[in-house]
Amino acid sequence: MSVASVETPVREKPTVIDRVVDAAGHGAHVSHEVPMVKSLAKDAIEDGVYAARRAVKSAQRGLERLEDIKDESVHYVKRQPLRAIAMAAGIGLMVGVAAGWICGRRRTP
């Protein structure tokens with residue numbers, strides 16, 4: 001048994017018709033991919049806008065909560081000024097002692 005081989009002609013240089021057919025094929029391929037890329041870009045932009053809106057709402061809620069805490073603390077200080085001063089002094093003393101202890105530990109070898 002012998003195997004018959006079929007040789008295909010090899011062209012060195014494509015013809016104008018081959019180039020036109022290739023260009024049309026590439027154009028059709030690109031025209032099908034453009035809507036997909038457009039859709040992906042649109043989805044990415046919408047996701048970014050949604051995330052930004054959530055971040056802004058979260059920041060607004062945080063600012064509102066901080067304002068509420070400030071108002072509550074002002075009200076507390078006006079109602080009980082001596083207790084507020086004593087608490088501030090105690091907290092300041094604890095922070096000072098902790099800072100001194102930490103700084104003192106760093107100096108010792």
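Read-outs: derived from the displayed coordinates by stated rules, not from any lab. All values reported here derive from a predicted model rather than from experimental measurement. Ideal geometry is used to build each Cβ from the backbone, glycine not excepted, and the neighbour counts take in all protein chains shown.
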### Query
Taking the chain as a Gaussian network, where each spring joins two C-alpha atoms under 10 Å apart, which residue of R79, R65, R19 fluctuates the most?
R19
### With Cα atoms, 0 to 90° folded angle of helix 81-107 axis to the chain main axis
60
### Query
Of Y50, Y76, how do they rank once you tally other Cβ atoms within 10 Å and put the fewest first?
Y50, Y76
### Query
At q = 0.15, 0.21 Å⁻¹, what log₁₀ I(q)/I(0) does a Debye calculation on the Cα points of the chain give, no solvent, two decimals?
-0.97, -1.13
### Query
Roughly how tilted is helix 16-79, in degrees to the nearest 10 and between 0 and 90, from the longest Cα axis of the chain?
10
